[in-house]
Amino acid sequence: MWRRWIGILYIEFYWWKRDIIRRFRLDTPTGISGILLVASAIILLFILGNGAAQIFRDYVPWISGRRIGDVYWQSISFGIKAALTFMIFSGSLIAFIIFKIIGRN
């Protein structure tokens, strides 16, 4: 009985996935770059929010002594993460716009 239900659910999920891919055209270069754009935007927002929270936690109680090095390396790692994610976001935004323009012609 469970095998039959699992088989029916598998078939339903397969057709749902197929309908979503066709309806939103996710199998085109525009769809793939759109997915990458949304994913990188969400990741960038999380990184920026985490960085703001970290800065607030580290700088509100004044930092002194051995914690200065920790704060320094946290800010360096935050800058690297934010810069790489922003480059991915910008590249996917440019690719999305180019694919949209080319797709209309």
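The values are calculated or read from the model by the stated rules, or taken from the named source; none is laboratory data. Remember, it's a predicted structure, so these values are computed and weren't measured experimentally. Here the Cβ is made from the backbone with ideal geometry for all residues, glycine too, and neighbour counts use every protein chain on show. The protein model used for the area step is the full one, side chains on, heavy atoms only, and it has no ligands, DNA or RNA in it. Shrake-Rupley method; radii C 1.70, N 1.55, O 1.52, S 1.80 Å.
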Check your understanding: Counting alpha carbon pairs within less than 8 Å and at least 6 residues apart, what relative contact order, in whole percent, applies to the chain?
Key -> 41
Practice item. Quote the charge dipole size of the range 26-103 about the Cα centre in Debye, to the nearest 20; the model charges only the Cβ of Lys and Arg (+1) and of Asp and Glu (-1). Key: 180
Review point. Residues with beta-carbon under 13 Å from that of SER33, excluding SER33: net charge, scoring Lys, Arg +1 and Asp, Glu -1?
Key: +1
Exercise for review: Using a 1.4 angstrom probe on the protein heavy atoms only, line up ASP70, ASP27 by accessible area, largest first.
Suggested key: ASP27, ASP70
Practice item. Give me the distance in nm between label points sitting 7 Å out from Cα along the Cα-to-Cβ direction at VAL38 and VAL71, one decimal. Key: 4.0
**Study point:** Value of D in µm² per second that Stokes-Einstein yields for the chain, Kirkwood Rh from Cα pairs, at 20 °C (1.002 mPa s)
**Key:** 123
Point to revise | Per residue accessible area in Å² of the chain, where ligands, DNA and RNA are left out and the probe is 1.4 Å | key: 85
Review point. So what are the ³J(HN,Hα) numbers for the range 47-53, from phi and the Karplus equation (6.51, -1.76, 1.60; θ = phi - 60°), rounded to whole Hz, Gly and Pro as x?
Key: 5, 5, x, 5, x, 5, 5
Study note, to complete from the structure: Along the range 36-41, Karplus-curve 3J(HN,Hα) (6.51, -1.76, 1.60; θ = phi - 60°) to the nearest Hz, with x for Gly and Pro, reads 4, 5, 5, 5, 5, 5
Check your understanding: How much mean residue ellipticity at 222 nm does the chain get from its helices, if each DSSP H run of length 4 or more adds -39500 (n - 2.57) and you divide by all residues, to the nearest 500 deg cm²/dmol?
Key -> -31500 deg cm²/dmol
Exercise for review: Kindly rank 16-25, 50-59 from highest to lowest mean number of other beta carbons found within 10 Å of each residue.
Suggested key: 50-59, 16-25
